[in-house]
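Structure, as structure tokens:
The values are calculated or read from the model by the stated rules, or taken from the named source; none is laboratory data. As the structure is a computational prediction, the values presented were derived from the model and not from experiment. With ideal geometry, Cβ positions are generated from the backbone for all residues, glycine too; neighbour counts draw on all protein chains shown.
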Amino acid sequence: MPRSAVRSTRRRLPASGSARARRRPSFDGEFLRKWLPPSAGGAGFLLLYILGNLDVINTPPALAADALLLALIVLFFPMRYAYRLSPRGRSAAVLLGIVWVAAIYGPVYRRIYPAPRIATMEVKPDELPTTLPAAGHGQQLDLVIEGHLEPGVPGSTRAARYRLTFSDSVGREQIHAGELIESWERQARGRREDIDLLRARTATRIVLDNPSNDDLFVTEFAMRGRAERRLTLGLYPHTQLPLWLSIPIAAALVVAAVAFDRATAAGETAASLTIATAAALTSTFAFQTVASPQPTFRELFGATIVGALVGGPVGGLAAWLFKGRATALLGSGRRAR
């Protein structure tokens with residue numbers, strides 16, 4: 001081989017190595033950009049969950065912060081593909097993200113932090129009818145019903161059932177019934193140790209209809225079981241949006257998600273905004289309907305599971321139905337190479 005050829009080959013080798021070294025930082029930067037935000041959000045979520053369960057911080061603020069982090073993590077993965085949009089489309093994507101977070105997280109926040117209490121009263125069978133000062137507070141109200149079980153032997157189960165009849169000024173009636181219960185369950189802790197866990201449900205939250213926007217009355221009250229013949233009622237304004245407004249907002253959000261997926265080709269990947277939106281909307285609705293007066297992490301995780309199992313397939317069906325029919329509203333995007 002001529003010496004010139006050998007020299008040229010030797011000169012190329014360092015250049016090839018340096019080019020390979022220059023590509024490495026860009027790969028690391030892309031990897032961090034994709035995975036550092038959700039990893040940091042997940043670590044913060046876990047930390048708040050631990051501190052809230054240990055009562056180091058109050059449960060409501062920890063729960064509210066965790067719900068927000070969860071919504072942002074779900075939104076982050078499909079929104080990574082916004083770089084494929086035109087500048088105008090990216091601005092629209094930012095606006096969509098803000099509306100998305102407000103629609104998903106707003107009802108959850110209002111459920112964790114209800115409006116100030118209107119009134120508290122006790123209901124007894126010999127003091128009926130009892131007036132609920134509901135006049136002027138809207139056509140729907142939240143009512144927290146709290147029972148009082150009789151003292152019992154530790155480790156024993158106590159239960160009672162109640163029935164309440166409400167009427168308004170024009171005679172319309174609505175009946176609500178429920179159960180109060182405290183039970184002990186033995187649960188294994190390790191191979192040789194068992195612990196007793198108390199399962200209690202002595203309070204619940206219901207929605208009262210008040211079409212006349214006037215005072216309501218408790219006209220009938222019955223209690224059976226091992227509980228005192230009285231109930232404590234807490235009346236709150238109903239701050240959640242009505243169904244006739246929530247359904248169009250949810251439908252518009254799903255259509256916008258389909259348009260985003262088409263414009264960015266995100267629907268062809270595992271990070272589909274349509275599926276994420278349907279799952280998040282289902283989780284939000286499930287969380288709103290929990291009967292617990294003060295939601296906990298248990299209700300948040302339960303609503304998240306419902307959203308994943310029910311809302312995810314619904315989002316996939318919506319994406320399939322709209323495929324080839326919806327108009328890309330966010331500008332034309334670039335397909336991934």
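Structure notes:
- Answer residue from segment 282-297, given it is part of a loop (DSSP other than H, G, I, E, B) and among the small types (Gly, Ala, Ser) and is nearest to THR59 (Cα to Cα) among those: SER292
Table: residues versus (1) at pLDDT below 75; (2) assigned to a loop (DSSP other than H, G, I, E, B); (3) more than 30 Å from LEU48 (Cβ to Cβ).
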| residue | (1), (2), (3) |
| --- | --- |
| GLU299 | no, no, no |
| GLY302 | no, no, no |
| ILE305 | no, no, no |
| VAL310 | no, no, no |
| PRO313 | no, no, no |
| GLY316 | no, no, yes |
| GLY324 | yes, yes, yes |
| ALA328 | yes, yes, yes |
| ALA336 | yes, yes, yes |
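- Test: residue in segment 118-137 that is under 29 Å from the mean Cα position of the chain (by Cα) and exposed (fewer than 13 other Cβ atoms within 10 Å of the Cβ): yes
- Restricting attention to segment 202-261, the residues that are of a type in the set (D, E, K, R), closer than 23 Å to VAL290 by Cα and surrounded by 17 or more Cβ atoms within 10 Å (Cβ to Cβ) total 1.
- Subset tally (residues that are over 26 Å from TRP320 (Cβ atoms), among the aliphatic types (A, V, I, L, M) and over 16 Å from the mean Cα position of the chain (by Cα)) for segment 239-254: 1
- Residue in segment 219-230 that is under 30 Å from GLY315 (Cβ atoms) and not hydroxyl-bearing (Ser, Thr, Tyr) present: no
- Checklist (1) at pLDDT 85 or above; (2) exposed (fewer than 12 other Cβ atoms within 10 Å of the Cβ) applied to LEU54, failing item: (1)
- Checked against (1) surrounded by fewer than 19 Cβ atoms within 10 Å (Cβ to Cβ); (2) modelled with pLDDT of 90 or more; (3) part of a strand (DSSP E or B), LEU164 passes all but condition (1).
- For segment 269-294, taking the residues that are over 15 Å from LEU96 (Cβ atoms) and in contact with an Asp or Glu (Cβ under 8 Å, 6 or more places away or on another chain), the one that is modelled with the highest pLDDT is identified as PHE287.
- When residues of segment 272-313 are limited to those that are touching a Ser or Thr at 6+ places or on another chain (Cβ under 7 Å) and more than 23 Å from TYR113 (Cα to Cα), the one surrounded by the fewest Cβ atoms within 10 Å (Cβ to Cβ): VAL310
- Out of PRO87, PRO78, PRO60, PRO37, one residue alone is crowded, with 18+ Cβ neighbours inside 10 Å and either in the same structural domain as LEU273 (by TED's automatic domain parsing) or in contact with an Asp or Glu (Cβ under 8 Å, 6 or more places away or on another chain) (or both). It is PRO78.
- Filter result (of a type outside the set (Val, Ile, Thr), under 19 Å from PHE287 (Cα atoms), touching a residue at least 12 places away in the same chain (Cβ under 8 Å) and not in a loop (DSSP other than H, G, I, E, B)) within segment 99-129: TRP100, ALA103, TYR105, PRO107, TYR109, ARG110, ARG111
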